[in-house]
1. Using θ = phi - 60° and the Karplus curve 6.51 cos²θ - 1.76 cosθ + 1.60, what whole-Hz ³J(HN,Hα) does each residue of the range 319-334 get, with Gly and Pro shown as x?
2. Most exposed first by the Cβ proxy, i.e. fewest other Cβ within 10 Å, how do Arg589, Arg322 rank?
3. Size of the dipole of the range 387-613 about the Cα centre, Lys and Arg at +1 and Asp and Glu at -1 on the beta carbon, nothing else charged, in debye to 20?
4. Seen from all sides and averaged, what is the projected area of the convex hull of the Cα atoms in the range 387-613, in nm²?
5. Using amide H atoms built in the peptide plane, which far-off residues or other-chain residues are under 5 Å from Tyr253 H to H?
6. Peptides 268-280, 529-541, 346-358: what's the order by average Cβ count within 10 Å, highest mean first?
7. Under the Karplus relation 6.51 cos²θ - 1.76 cosθ + 1.60, θ = phi - 60°, what is the ordered set of whole-Hz ³J(HN,Hα) values for the range 347-355, x standing for Gly and Pro?
8. Label points 7 Å out from Cα along the Cβ direction at Val493 and Thr135: separation in nm?
Amino acid sequence: MESDEYTPLLYTFSLPTLTDIAQNPEALSTDREPKTVRDNDLPCTSRSVHGAVAGGDRTKRRGASKRRSRARRVGSDNDVRRLRPFIASPFMPITTKPKNEPSDFLKRQKEPRSRSPTKYGTLLPKEEKRKELQTKQESENLVKTEPLDEAVAPLTGRKRADSESSDSSESETSESTDSSESYTKFSDLTRKQWATMGMLAVANLCSTVAFSCIAPFYPTEAKQKGMSSTKIGIIFGVFELVMFVTAPLLGKYMTAIGSKRMFTAGLFLTGVTAILFGFLNFLPSGGLFFWTSLVIRCLEALGDACFVTSSFAISAKCFPGRIATVVGLIETFAGLGYTAGPVIGAVLYQYGGFQMPFLVLGSLLILATVVSIFLVEDVEDEEAEDTKGMLGMLRMPVIWLMVFAVVICAISLSFFDPTLSNHLESFKLSTTMVGLMFLLCGGIYTLTAPLWGLIIDQWNCCYLLMFFGSCATVISMLFVGPSPIFGMEKNLVVIGLSLSLFGVAAGALYIPTFQNCLNAVKKHGYEDNFQTYGCVSGVFQAAFAFGAFLGPTLGGFGVEQIGFEWTTTIIAVINVVFIIFMCQFFAIRKLTGNDDDDENSTDADSETSKMKA
């Protein structure tokens, strides 16, 4: 066995040998030239040199030579290491280590060190410290989330999934988040999505033009066929009544029919009925003309309800990050169609007769149907397994609040159609000037509708805009008369300013409602699919159709009974009631502690991400 690296004197197994060397220091002071040790010269195992067996001088010389050779070999000049003072305790264990293996002290000196930010150094490299910290954080998060998942599982009725399923769900969530975020900016839209958006806008433009183009000339033609004013009013009002009845049903069964199929079929039906309406003047006077007009008008309303309801659902599915903006764009073209429809109809009727407006607009709608087959994006109409249905939505107070807002907005908009021209007769205005007064309301609504959508998507302030819209509607309705409670004279400038203000207010009140309805149903557990979009769109369109039916019907009756000024005052009071309901709604939510705003559609996603983090 070899000696230790730091104790070269520990050469043999026997501790008494050290004492022999200590008693004979002359062995270390003799000639230091090394001598070759014979193989048969074994180390002495006796306890003392003085106790050797008598064997004569030869035995003594052999023992002395052995001791000198050992001392010279250990302490010779050929040895690289110099001897150091050695102090050995009789109780110190004699252990040895391989000569080539470094000690623990040298190992610690050779380990790399890295400086910490505090300049005190560290024994671990930075990479090892980072991995250790990351592992510790992951273990802490796992400990925190496991009890939380176990506590939440009984409430949700779901079992906590294993690690593989959780990883897959996290990947699906990240993919859906990325897909929704990709639609947040218009620069990220593909050509197919731009084409879909353009097709939705053009379809709404053509349909509203076909609906409103009959206003300048149909009453005159109908009177020549022997129809009364009441029957003419029924022909106009039945359009909105059919939409009110059919829109909720179409929204409910949209996934069974198919959103794109419903959109194209609705466009085609509207185009065909528009063309058929142009041949009514060939029918004889009397009941046949009235009933044929009524049936064709009902079919046209059914087609309009099909593609309008599906267009809102397609917008919500294809553009989840820009719902309010796309709805505002659709309403811009719809408002443009309502505003420009009578002008287009009058021009075409003047130069081509009764058939020309319907042939042109019907052909455009059929052409739009063919184009939409190729341009409108194909979307999956997945149906929820555990759908709660439309009745579940109608149990939510916030849905009724939004329905109230849509109804009073539609009443206020449609009220002016049969009554404003008679209200302006005292000013002896030309037909062009009367048309410009209508344009103040409809035109400003058309221009400001996309602005409200952008504001909602940017700052998420739906309820604030609705509050502003309802307050502005109250002011405009009180001064467009003006209301008798002010004792003011009727002024054309005040009426023009009031109509302009109402155009701004109508967009602020109407545009946020669809976004709020979607946020509310998602918050109450409805899945993000076409079944939900169809139901919300059906309720939304039914509410607007109901208000558009009540506006001209009850509004015209009110003007005949109490006058234009008091009727507008009543409409203003209805808007005040809506403001009170909205304030009461928020007050109750504050008192009950359920004040997490429905505008924050991503609250559930953010809470889920916090739990995962």
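Throughout, read-outs are computed from the coordinates displayed, never taken from laboratory work. The shown structure was predicted, so the numbers you read here are calculated from the model rather than taken from an experiment. Note that each Cβ is placed from the backbone with ideal geometry, even for glycine, and that neighbours are counted across all protein chains shown.
1. The phi angles translate into 10, x, x, 9, 5, 5, 5, 5, 4, x, 5, 4, 5, 4, 6, 5 Hz.
2. Numbers: Arg589 16, Arg322 22.
Listing Arg589, Arg322 from fewest to most nearby Cβ atoms yields Arg589, Arg322.
3. Numbers: 10 positive and 16 negative charges, 31 e Å.
The dipole of the range 387-613 has a size of about 140 debye.
4. Details: hull surface 56.9 nm².
The directionally averaged projection comes out at 14.2 nm².
5. HN-HN under 5 Å from Tyr253: empty list.
6. On the way: 268-280: 21.6, 529-541: 25.9, 346-358: 17.4.
Ranked from most to least packed, the peptides come out as 529-541, 268-280, 346-358.
7. Here the 3J(HN,Hα) series is 5, 5, 5, 5, 9, x, x, 5, 6 Hz.
8. Here the modelled spin labels are 8.2 nm apart.
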